[in-house]
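The values are calculated or read from the model by the stated rules, or taken from the named source; none is laboratory data. Everything numeric here is computed off the predicted structure, so don't read it as measured data. Cβ atoms come from the backbone with ideal geometry, glycine included; neighbour counts cover every protein chain shown. Surface areas here come from the heavy atoms of the whole protein model, side chains and all, with no ligands, DNA or RNA. Shrake-Rupley method; radii C 1.70, N 1.55, O 1.52, S 1.80 Å.
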Amino acid sequence: MTQGPAPRPLSDEALAGLLGEQQFGTLATVKRSGHPHLTTMLYRWDPEARVVRFSTTADRVKVAHVRRNPRVALHVQGGDVWSFAVAEGEAEVSESTTAPGDAVGRELLGMIPEAAKPEDEAAFLEQLVAERRLVIRLKVDRLYGTALDIDG
């Protein structure tokens, strides 16, 4: 068997770029048993603050996991099957949005790309309250990942 090229580590800049290019990743939280709980999540990366934000509802199991053990990781696939980035750190869970336009509701609204902003902002903020939406904020303290340069 012929050995191919080895994976190359990506720079912090390349990793941050990969996080910014993607919208979906796999969030890993820790179950009470110590096993990982994995879920596909839409996220928003803030490279200046080194924070990844996720919108979810208060009744999701991942919220209980993060409150019990804040150590989480986000795995993001690169542009091919040979590249990826992982963001690790501690996460915090906001309170649920309770009034249309409150701080959490505004943070959730701010996570939406400009092209996807709701036409009726007031109705959107009311919907967030009805869904008991909140924000999980992953404060990234470690980024790592690789790419594999293969022709074909």
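This table checks each residue for (1) within 18 Å of LEU108 (Cβ to Cβ); (2) hydroxyl-bearing (Ser, Thr, Tyr); (3) touching a residue at least 60 places away in the same chain (Cβ under 8 Å).
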site	(1), (2), (3)
PRO7	no, no, yes
SER11	no, yes, no
LEU15	no, no, yes
GLY34	no, no, no
THR57	yes, yes, yes
LYS62	yes, no, yes
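Okay, residues lined up against (1) touching a residue at least 60 places away in the same chain (Cβ under 8 Å); (2) charged (D, E, K, R); (3) surrounded by 15 or more Cβ atoms within 10 Å (Cβ to Cβ):
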| residue | (1), (2), (3) |
| --- | --- |
| VAL51 | yes, no, yes |
| ARG68 | no, yes, no |
| VAL72 | yes, no, yes |
| GLY78 | yes, no, yes |
| GLU88 | no, yes, yes |
| ALA122 | no, no, no |
| ILE136 | yes, no, yes |
| Condition check for ASP12: out of contact with any Gly (no Cβ under 8 Å at 6 or more places or on another chain) and closer than 30 Å to PHE124 by Cβ | no
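Residue-wise test of (1) under 20 Å from ILE136 (Cβ atoms); (2) in contact with a Gly (Cβ under 8 Å, 6 or more places away or on another chain); (3) among the hydrophobic types (A, V, I, L, M, F, W, C).
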| site | (1), (2), (3) |
| --- | --- |
| GLY4 | no, no, no |
| PRO7 | no, no, no |
| ALA49 | yes, no, yes |
| LEU74 | yes, yes, yes |
| Under the condition of being open to solvent by 70 Å² or more (accessible area, probe 1.4 Å) and not in a loop (DSSP other than H, G, I, E, B), which residue from region 93-107 is farthest from ALA16 (Cα to Cα)? | ALA103
